[in-house]
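**Q** Handing you this structure, nothing more for now.
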Amino acid sequence: MIADPKPKRKYKHKTIRQKLDADCLELWSLCVRTRDKTCRNCNSDYNLQAHHIVQRNYKASRYLLENGLTLCAGCHFFEKVDAEKFRNMVIGVIGEDKYLSMQKTYRISYKYTIDDLKQIKSELQGELKKLEGM
């Protein structure tokens with residue numbers, strides 16, 4: 001008996017909200033990496049990634065630039081290897097007071113409207129232009 005070939009995947013089209021969210025996250029990442037220019041931990045300028053200090057699933061701080069720092073891929077990977085040491089490294093970069101304040105302030109559930117996301121996207125585009133002009 002011949003096995004049936006794999007069924008074709010049905011791809012779900014993204015909603016307007018999902019597209020706007022993806023655009024905002026990409027702009028947020030570009031802004032953070034443009035602002036910092038190098039890894040905030042080791043000063044490398046290779047394979048840079050933007051890291052959310054407060055997890056991005058907390059929507060209230062998802063697109064705030066102060067909730068981001070640039071890390072190289074090696075330092076960012078460290079988060080998965082040893083989360084506690086990674087947390088201590090982030091505290092070493094931004095300071096314990098700021099870290100604790102952000103954890104307390106931004107751990108809020110929030111749902112953005114489509115208009116909110118359009119406004120955030122516009123603000124991030126403006127911020128990126130300012131950062132690129134520096």
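**Q** Which of the numbered conditions does PHE86 fail, given that it passes all the others? Conditions: (1) free of Cβ contacts under 8 Å to residues at least 12 places away in the same chain; (2) farther than 25 Å from ASN43 by Cα; (3) in contact with a Lys or Arg (Cβ under 9 Å, 6 or more places away or on another chain); (4) surrounded by 12 or more Cβ atoms within 10 Å (Cβ to Cβ).
**A** Unmet for PHE86, out of (1) free of Cβ contacts under 8 Å to residues at least 12 places away in the same chain; (2) farther than 25 Å from ASN43 by Cα; (3) in contact with a Lys or Arg (Cβ under 9 Å, 6 or more places away or on another chain); (4) surrounded by 12 or more Cβ atoms within 10 Å (Cβ to Cβ): (2).
**Q** How many residues are on the phi > 0 side of the Ramachandran plot and either part of a helix (DSSP H, G or I) or of a type in the set (A, V, I, L, M) (or both) when one looks only at the stretch 17-69?
**A** Result for the stretch 17-69: 0.
**Q** Could you run through the stretch 31-61 and say how many residues are modelled with pLDDT of 90 or more, within 30 Å of GLN119 (Cβ to Cβ) and in contact with a helix residue (DSSP H, G or I) (Cβ under 9 Å, 6 or more places away or on another chain)?
**A** Going through the stretch 31-61 one residue at a time, the tally reaches 11.
**Q** Do you know which of the residues in the stretch 47-76 that are touching a strand residue (DSSP E or B) at 6+ places or on another chain (Cβ under 9 Å) and loosely packed, with under 15 Cβ neighbours inside 10 Å is farthest from CYS31 (Cα to Cα)?
**A** Going through the qualifying residues, I end up with ALA73.
**Q** What are the residues in the stretch 79-134 that are acidic (Asp, Glu) and either closer than 25 Å to LEU27 by Cβ or in contact with a Phe, Trp or Tyr (Cβ under 6 Å, 6 or more places away or on another chain) (or both), if any?
**A** GLU79, ASP115, ASP116, GLU123, GLU127, GLU132
**Q** Right, here's the next one. Whether any residue in the stretch 104-115 is in a helix (DSSP H, G or I), surrounded by 16 or more Cβ atoms within 10 Å (Cβ to Cβ) and not hydroxyl-bearing (Ser, Thr, Tyr) is what I want to check.
**A** No, that holds for no residue.
**Q** Can you run down the residue pairs with Cβ atoms below 8 Å, 6 or more apart or on separate chains, where the first is in the stretch 104-117 and over 16 Å from ASN57 (Cα atoms) and the partner is surrounded by 11 or more Cβ atoms within 10 Å (Cβ to Cβ)?
**A** Final answer for the pair search is ILE114/ARG17; ILE114/LEU20.
**Q** Report, by residue number, each residue of the stretch 77-117 that is in contact with a Cys (Cβ under 9 Å, 6 or more places away or on another chain), modelled with pLDDT of 90 or more and under 16 Å from GLN55 (Cβ atoms).
**A** Correct list: empty.
**Q** Sticking with this one: So THR15 fits all but one of (1) hydroxyl-bearing (Ser, Thr, Tyr); (2) surrounded by fewer than 17 Cβ atoms within 10 Å (Cβ to Cβ); (3) in contact with a Ser or Thr (Cβ under 8 Å, 6 or more places away or on another chain); what number is the exception?
**A** The failed condition is (3).
**Q** Could you list, in sequence order, all residues of the stretch 90-129 that are among the polar types (S, T, N, Q) and touching a Lys or Arg at 6+ places or on another chain (Cβ under 8 Å)?
**A** SER109
The values are calculated or read from the model by the stated rules, or taken from the named source; none is laboratory data. This is a predicted model, so every value here is computed, not measured. Every residue, glycine among them, receives a Cβ derived from its backbone with ideal geometry; neighbour counts consider all protein chains shown.
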